[in-house]
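Below is one structure; the comments refer to it alone.
The values are calculated or read from the model by the stated rules, or taken from the named source; none is laboratory data. The structure displayed is predicted, hence computed values, not measured ones. Methodologically, a virtual Cβ is constructed for each residue, glycine included, from the backbone with ideal geometry; neighbour enumeration extends over all protein chains shown. The protein model used for the area step is the full one, side chains on, heavy atoms only, and it has no ligands, DNA or RNA in it. Shrake-Rupley method; radii C 1.70, N 1.55, O 1.52, S 1.80 Å.
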Amino acid sequence: DEGKLYFADEKKGLFILDNDQLKLLLNYPEDKNLEIVGVYNQQNKLIVVTRNNGLFSFENNKLSPVNDLLSSNLKSDKVFSFKKLDQSHLAFGTILNGLYVTDLQGNIIHHLDKKKGLANNTILSLERDNVGSLWCTMDYGLSKIYMQDNFTYLFDNTGNFGTANRAILWKDKFYLGTNQGR
């Protein structure tokens, strides 16, 4: 949330800094151990990003699980880092399955993992530089993602892809032909 500072206490809940005082915003549910990784606003609701339980919506003093594909993926992939990239994009770094870049509505725009060029699948922290690139610190080094780049690079780490020899944009879909027929 722009201009607001939130603090997550592992036992008491989520606090907000208001006039130099911490005020309890929400208590954790008794049946859940929520480890908060981050928060952001979505259409006048506060969305809470948790490490192991996906996303929650906090509205009218009520915490509710978000039931969508992104939240489901984040539950199983274990979120370790979160970053609001700009006014319309979010980044979720996971322990098991790389990086998700989404819009504010939770639509997955990119999913990057080791198969798609990252050094490995564990994203420990996320930072943007002054030209808009996203830096991921990982178990095995760094990865830099050019967020302003209009290209997607395909890496054939398995040898199944073959050599690309044809490409066409047809009915708003991109088709790529290879010598392996895949």
Being part of a loop (DSSP other than H, G, I, E, B) and touching a helix residue (DSSP H, G or I) at 6+ places or on another chain (Cβ under 9 Å): is that true of G132 here? no
Of all residues in the range 87-117 being touching a residue at least 24 places away in the same chain (Cβ under 8 Å), farther than 19 Å from V48 by Cβ and not in a strand (DSSP E or B), which is least open to solvent (accessible area, probe 1.4 Å)? G98
Determine the pairs where a residue that is farther than 10 Å from I36 by Cβ and in contact (Cβ under 8 Å) with a residue 12 or more places away in the chain, located within the range 6-18, has a partner that is buried (at least 16 other Cβ atoms within 10 Å of the Cβ) and of a type in the set (A, V, I, L, M, F, W, C) with Cβ atoms under 8 Å apart, the partner being 6 or more residues away or on another chain. I16/L25
The residue from K32, K23, K84 that alone is within 14 Å of the chain's Cα centre (by Cα) and among the basic types (K, R) is K84
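Which of the residues that make up the range 66-75 are open to solvent by less than 70 Å² (accessible area, probe 1.4 Å) and not hydrophobic (A, V, I, L, M, F, W, C)?
Result: D68, S71, S72, N73.
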Quick test for you: out of K32, K83, K4, pick the one residue that is of a type in the set (D, E, K, R), outside any strand (DSSP E or B), within 25 Å of E127 (Cβ to Cβ) and open to solvent by 40 Å² or more (accessible area, probe 1.4 Å). K4
